[in-house]
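What follows is a single structure, written as structure tokens, with notes after it.
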Amino acid sequence: MLVAAACIALTALLAGCRGAPPAGFLLRPLVEAGQYAVGGSGGRGPLRFAARPALADLEVDHELRPVVLTAPAPWSWSGVLPPGAELHAGAQILPAAWQAVRRVELAVAVRRGREREIVQVAASRERADPRWLDLSADLGRYAGRQVTLEFSAFLAGLPVARRGANLVAWGPVAVTTGREDGKAAAAASDEAAAPAAAANGLSSAARRSPPNIVFIVVDTLRRDRLTPYGYGRDTSPEIAHRLAVPGTVVEEAYSQAPWTLPSVVSFMTGRYPGELLGSDLATYGIPAGVAPLAERLRRLGYETGGFLANPTLHVGAGFERGFRTFFAPPADIDWIGKHADELNRHAIPWVEAHQDRRFFLYVHYIDPHDPYDNPEVVGNLSPFETSYSGRVAGNWVHGIYSGKIRLDDPERDLAHLNALYDSEVHYADRFIGQLLGRIRPEVAANTLFVFTSDHGEELDDHAGWKHGQTLYDEQVHVPLIMRWDGQIPARQRLHGTVRLLDLLPTLLDAAGAGGAAAGAAEPEGEGIDLLPALTGRAPLRPRPAFIEGLSGGPLRAAAVLGNHKLILFNREEPFAPKDELQSYLWRHDLGRLARVELYDLARDPGERRNLLEGANPAPSAAAPGPAIQARLALLETVIDRRLDRALPGLWLLGDGLAPGAHLRGSLVFERPPRGWSPYFLGPRDRVEASAGRLRFELVGDVVTKGLRIEGDCGRLERIEAELDGRPLPPERVRIGAAASYSGGAVAPAALLARQWPGAQGAGEPAVLRLWIHDTSGEAERRTEADAETLRRLRNLGYIQ
């Protein structure tokens, strides 16, 4: 240890002798540290203000920034500019000041001795709807020189009495190192750090400081429409060139829900959304008791910026938590029609100003969400098609989805809509390239890039449109590309099932949050660390992906592992649509979705051949072969155990019933149940509840099924059951975790089980299982209802 410490000290000394390049500055941290003088006072630090500045957080143009408030009088910074210095500054006045001010003009000048040069000016007359004024300037010609940067704001029409007030909000203001000299500085830093790391026996990953993290999400993006995944049209050259070629393409990544709110909640928290969200769409946000990714990274010292173009991801539902700078649009249907260039207008000034600090940038583009329209579409023609003479346009999609519009020429109209969708992907790709191009090469060299989508989009693949209603691959099999130079191999393809909720522990490990061993669960989360597999240190452990609908209507859930996928639809669940849209979607889904679907994704990637087609509860039905039965049982267990944790109540399950077998019985309760819900029951199953008795008849088929009984029923006074007309022995009735029923009344405490009961117990296998999920000691993490979330979903057409 002493030798290692000595090596570190010697390395630091040698690096100091060579001389570190002069640093730039970032305004807000200097003011927070008191590194400034006021007026003619001595003070300390490189900043000088005419009056004492103040710290605040100001929202302008829906973007919240941490700012320094100053009077309109000029303020200055003095110091030696770094090699290749670049200035990045943003400012605006307080909203109340616009009542008197007619025009705002900002100016930045460089003073060196008697020489003074104005290097940048910005002006605004937008009194009704002002924007942040962002400006940049190349100061490389002053590199290595002692200069004073003077920042001034002219407020036309401001009364004399208010000229001493802190009305101007500056933020961010930074002088950063330029590209070429930044490369040299980074190389010198790595060279100095390498001997000490080697002396400590550190791996190549440990030799580096924690990386910057850039997390890019493209809303509603199908995996199969990207160039790196083999699509025939070159929709994504920038993503291919900047991320896939120098990084790793993950082949089998799955979102945890087929629409935005639950999917983003999941990958931002590392948890399955069904554990955090209630049954009401108004509860779809990040719970107060769960720290999202940005909050955790901020605790680790990251500067955090979040720029989200989807209006459902709003302040108040938890999506802003942890971001010092945060942009989210208003609840306006017009915002769905805005594009990637609008989001870059907010994100690029932030990333340019923060490249000399460790940062976490989250950018969530709304393209290619419908309507399928952008500046590349001219005369209703996508650049990916040569002609189209029909009437269908990109803004027809919601009408088609809701059943109000029919296609005149389905074959040609569908090809046209696909071309319009592809142009949306291409447009987003162009501005992703623009964003990534603003990150200096030496900064990108130690940046972990993550590129993915919250969900995909159905384009009549299974007789439906848009997203949220089904769990087929076009909606939930998402792209995932990760790049980290020198750590994650270039041009690699990673095979094996990955969940988006695995991203949180992966990024926390990279950030130095005490990364767990390969495959270990992140504390208080569900995901696993993918870095060992991504870097080649360990194989990817087989882990199933669970996916849930969570969009209203009957329960639907899926599980994927390897090449097989099981989808269950609770067709018998009572459902009362709340509006015309829900009613149409419900009827449509009943006509196209089976109760049980199993697919071999390797042989049938389009999910056209249900391996359980024709499987039904009739006695003559042929049972699936042993291999299919084994895969079905594994995937069914994944679904059952996830839903057990998310759905409360007393569970009644027919376990291991042979196809066509009849399990009949009744339960007598101390108090009448509040109600009951079917759990993937078939059309021949029967349940009847009256007063304190519930009668049931379950007909065996390919899946385990049953029901949930709701409410506080007190004791279970009596259990009666028969199998194929013969009384069921008490030992074949299991209660709680695994105990055999011994007859008589059962107290609620005896029914408790920590998880979905397995096949434990001696003797013959169980036929009837009864239990209540034991939540004692588990933290309550459900999101509270938020009226603004409901309002936004309604304004955006998700509900009526």
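The values are calculated or read from the model by the stated rules, or taken from the named source; none is laboratory data. Small disclaimer: the values here were computed from a predicted structure and weren't measured. FYI the Cβ positions are ideal-geometry reconstructions off the backbone, even for glycines, and counts take in every protein chain you see. Note: areas computed on protein heavy atoms with side chains; ligands, DNA, RNA excluded. Shrake-Rupley method; radii C 1.70, N 1.55, O 1.52, S 1.80 Å.
Counting only the backbone N, which residues of the stretch 488-504 are under 17 Å from the spot 7 Å out from the Cα of residue 601 toward its beta-carbon?
Counting backbone N atoms under 17 Å from the label point, the list is 493-503.
Roll a 1.4 angstrom probe over the protein heavy atoms and tell me the percent of accessible area of the chain that is carbon or sulfur.
The value for the chain is 52 percent carbon and sulfur by accessible area.
Once you list every other residue whose beta carbon is under 14 Å from the beta carbon of residue 67, what net charge do they have if Lys and Arg are +1 and Asp and Glu are -1?
-3
For the pair residue 537/residue 332, report the inter-label distance in nm, with labels modelled 7 Å from Cα in the Cβ direction.
Placing both labels 7 Å along Cα→Cβ, they lie 4.7 nm apart.
Per residue, how much accessible area does the chain have with a 1.4 Å probe, in Å²?
Here the residues of the chain average 40 Å² of exposed surface.
Would you mind calculating the relative contact order of the chain from Cα pairs under 8 angstrom and at least 6 residues apart, reporting the percent as a whole number?
12 percent
Using the beta-carbon distance between residue 641 and residue 35 and R0 = 60 Å, what value does 1/(1 + (r/R0)^6) give for FRET efficiency, to the nearest 0.05?
Working from the Cβ atoms, E equals 0.65.
Work out the FRET efficiency for residue 288 and residue 658 from their Cβ-Cβ distance, taking R0 = 45 Å, and round it to the nearest 0.05.
0.40
Go through 316-328, 100-112, 75-87 and give me the packing order, highest mean Cβ count within 10 Å leading.
Order by mean packing, descending: 316-328, 75-87, 100-112.
Ignoring everything but the protein chains, give the 1.4 Å probe accessible area of residue 712 in square angstrom, nearest 10.
Probe radius 1.4 Å; accessible area of residue 712 about 110 Å².
Across 5 Å bins from the origin, how do the percents of Cα pairs in the stretch 630-725 run, short distances first?
All Cα pairs considered, the percentages come to 3, 12, 24, 22, 20, 13, 4, 1, 0.
Rank these residues by their accessible area, most exposed first, probe 1.4 Å: 350, 396.
Ranking 350, 396 by accessible area, largest first, yields 396, 350.
Per Stokes-Einstein, at 25 °C and 0.890 mPa s, what whole-number D in µm² s⁻¹ belongs to the chain, with the Kirkwood radius over Cα pairs as the hydrodynamic radius?
The estimated diffusion coefficient comes to 83 µm²/s.
With only alpha-carbon atoms counted, please give the Rg and Dmax of the stretch 714-774, in Å.
Rg and Dmax of the stretch 714-774, Cα atoms, are 11.2, 33 Å.
What translational diffusion coefficient, in µm²/s and rounded to a whole number, does the Stokes-Einstein relation yield for the stretch 482-599 at 25 °C and a viscosity of 0.890 mPa s, taking the hydrodynamic radius as the Kirkwood radius over Cα pairs?
145 µm²/s
Heavy atoms only, probe 1.4 angstrom, no DNA, RNA or ligands counted: give me 644, 509 ranked by accessible area, highest first.
509, 644
Compute the length gained on full extension between residue 688 and residue 609: take 0.36 nm times their separation in residues and subtract their Cα-Cα distance, giving the result in nm to one decimal.
Gain in length upon complete extension: 24.9 nm.
Using only the alpha-carbon atoms, how far is helix 179-199 inclined from the longest principal axis of the chain? Give it as 0 to 90 degrees, nearest 10.
The angle comes out at about 60 degrees.
Any chance you could count the Lys pairs in the chain whose alpha carbons are under 22 Å apart, treating pairs 8 or more apart or on different chains as valid?
Value for the chain: 6.
To check you understand DSSP bridge types, tell me what percent of the beta bridges within the chain (both residues inside) are antiparallel, rounded to 5.
Here the share of antiparallel DSSP bridges comes out near 75 percent.
Suppose each label sits 7 Å from its Cα in the direction of the beta carbon; what would the residue 438-residue 493 distance come out to in nanometres?
About 3.4 nm separates the two model spin labels.
Return the Rg/Rh ratio of the stretch 663-778 with Cα-based radii and a Kirkwood Rh.
Rg divided by Rh gives 0.93.
At 7 Å along the Cα-to-beta-carbon direction for both residue 129 and residue 389, put a label point, then send me their distance in nm to one decimal.
Calculated label separation equals 4.0 nm.
Show me 260-272, 24-36, 428-440 ranked by packing, highest mean number of other Cβ atoms within 10 Å first.
260-272, 428-440, 24-36
How big, on average over all directions, is the shadow cast by the Cα convex hull of the stretch 352-423, in nm²?
It is 6.8 nm².
By how many nm would the segment from residue 594 to residue 460 lengthen if fully extended, with 0.36 nm per residue of separation less the alpha-carbon distance?
Going from the current span to full extension adds 46.5 nm.
Report D for the stretch 666-715 in µm² per second (integer): Stokes-Einstein, Kirkwood Rh on Cα pairs, 25 °C, 0.890 mPa s.
Diffusion coefficient, whole number: 214 µm²/s.
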